[in-house]
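S.K.: This is the structure I want to talk about, given as structure tokens.
The values are calculated or read from the model by the stated rules, or taken from the named source; none is laboratory data. Just so we're clear, the structure is a prediction, and the values are computed from it rather than from any experiment. Neighbour counts are summed over all protein chains in view; Cβ atoms, including those assigned to glycine, are modelled from backbone coordinates with ideal geometry.
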Amino acid sequence: MKKTFTLFILLLTCFFVKAQNTEDYIAEHVDYAQKLMRIHQVPASIILAVAIHESAAGKSKIARFLNNHFGVKGPNNSSEIKSSYRDYPTVDSSYNHFVSFLHSRSYFNVLFSKYDQYDYKNWARGIQRGGYASSRTWATQVIGLIKKYELYQYDNRPDDYIETVIPAANVVAKSRSSRTKSRLSIAKKSKTYTIKPGENLNKIAERNGTTAAALMQKNGLKSAIVQPGQRIKL
């Protein structure tokens, strides 16, 4: 019982220390994040949350030794650690490069005209769609950090600002569309083809991205010889 209680206290202490470290990180960098927001209209909450996520609130090795707070890969001149991540002369320059990186890639640059500086949810999802991170839960984690530490308060949202919400009707429509595409895909896979004069299984297989052996197996054929007018499954 005593060991369990001690472990609980240790875990609780670690939780509060981590939270305090993150809050200290926010206090240290919020002014610069807001400065970039005013210039580029990227939510300060997004800038801060991505930095917290990618640098473990400034505690990761690449943050400490390379001033890299956004997980950007590239060459570095560090003699202290071996890393595939690029280095920066200052932390602020890492922040600057994150925003310029978004501007320099067409799949991120569209976000500047599509979303305003208050729409952190769509910014997070848009950055993920652009391929910023391989994790499928990256945007959810970034949004979670924004909510946990209430980073949206630094986006200078108007009091009457209403967050964009995908209407339920659109969600249903997308779901139906997805099911329709799935059915069409299945139908396409099971379509039949009528053999034309001069054709053979090898030519038909090549046109359809398969092999004669696969077509023989699919159609229960014991021979590769086919006749004009014969119908087979593709």
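S.K.: Looking only at the range 40-77, which residues are closer than 23 Å to R157 by Cα and either free of Cβ contacts under 8 Å to residues at least 24 places away in the same chain or polar (S, T, N, Q) (or both)?
M.R.: Residues satisfying the conditions are Q41, S45.
S.K.: Looking only at the range 42-83, count how many residues are over 19 Å from the mean Cα position of the chain (by Cα), under 20 Å from L102 (Cα atoms) and modelled with pLDDT under 95.
M.R.: Result for the range 42-83: 2.
S.K.: Quick one: S93 ticks every box in (1) without any contact (Cβ under 8 Å) to a residue 24 or more places away in the chain; (2) part of a helix (DSSP H, G or I) bar one, so which box is it?
M.R.: For S93, the failing item is (1).
S.K.: Moving on to the next point. Condition first: of a type in the set (S, T, Y) and either in a helix (DSSP H, G or I) or not assigned by TED's automatic domain parsing to the domain that holds L48 (or both). Now tell me which residues in the range 129-147 satisfy that.
M.R.: At the first step, the residues of the range 129-147 found to be of a type in the set (S, T, Y) are 132, 134-135, 137, 140.
Across the range 129-147, the qualifying residue is only T140.
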